[in-house]
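Trainee: Supplied in structure tokens, the structure appears directly below.
The values are calculated or read from the model by the stated rules, or taken from the named source; none is laboratory data. Just so it is clear, the structure is predicted and the values come from calculations on it, not from any experiment. Cβ atoms come from the backbone with ideal geometry, glycine included; neighbour counts cover every protein chain shown.
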């Protein structure tokens, strides 16, 4: 339940930033291994602070990485966002 609340809080903070189309890149570290790590970098239209969002899983709760996945194609007005949706799968 706590993870769901954190996800909702994060969504409410970042959703207003989805107005403009942002520049984004996608990289894969450890490609071809059992531990591929997808990294999304999203730049806003204006300079600003950078936020790192890391999703993971605890037990059988998918909320952490599913919440992080939702941000992989977000558009930012200001600042930068680095997303690691599945850090420990």
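Trainee: Would you check if there is a residue in region 44-52 being in contact with a strand residue (DSSP E or B) (Cβ under 9 Å, 6 or more places away or on another chain), surrounded by fewer than 17 Cβ atoms within 10 Å (Cβ to Cβ) and at pLDDT below 85?
Mentor: no
Trainee: Look through region 57-74, keep the residues that are crowded, with 16+ Cβ neighbours inside 10 Å and more than 11 Å from the chain's Cα centre (by Cα), and return whichever of them is nearest to residue 88 (Cα to Cα). It would help to see each step written out before you state the result.
Mentor: The initial filter retains those residues of region 57-74 that are crowded, with 16+ Cβ neighbours inside 10 Å, namely 57, 63-65, 67-72, 74.
This time we only want the ones that are more than 11 Å from the chain's Cα centre (by Cα), so: 57, 63.
Numbers: 57: 7, 63: 13 Å.
Among those that are crowded, with 16+ Cβ neighbours inside 10 Å and more than 11 Å from the chain's Cα centre (by Cα), it is 57.
Trainee: Where residues in region 78-89 are surrounded by fewer than 17 Cβ atoms within 10 Å (Cβ to Cβ) and modelled with pLDDT of 90 or more, which of them is farthest from residue 25 (Cα to Cα)?
Mentor: Ranking the candidates gives 78 first.
Trainee: Follow-up. Could you look through region 1-36, keep only residues that are assigned to a loop (DSSP other than H, G, I, E, B) and modelled with pLDDT of 85 or more, and pick out the one that is nearest to residue 75 (Cα to Cα)? Even if it seems obvious, please write down each step before you answer.
Mentor: From region 1-36, those assigned to a loop (DSSP other than H, G, I, E, B) are 1, 18-22, 30-36; that's our starting set.
Cutting the leftovers down to modelled with pLDDT of 85 or more gives us 30-36.
Numbers: 30: 27, 31: 26, 32: 29, 33: 30, 34: 30, 35: 28, 36: 25 Å.
The extreme case among them is 36.
Trainee: If the Cβ limit is 6 Å and pairs must be 6+ apart or interchain, which residue in region 27-46 that is touching a residue at least 40 places away in the same chain (Cβ under 8 Å) pairs with which residue that is exposed (fewer than 12 other Cβ atoms within 10 Å of the Cβ) and not in a strand (DSSP E or B)?
Mentor: Partner pairs satisfying both residue conditions: 37/30.
Trainee: Return the pairs, sorted by first residue and then second, in which the second residue is part of a loop (DSSP other than H, G, I, E, B), the first residue lies in region 53-77 and is over 25 Å from residue 25 (Cβ atoms), the beta carbons are less than 9 Å apart, and the residues are 6+ apart or on different chains.
Mentor: Filtered contacts from region 53-77: 58/88; 63/55; 63/57.
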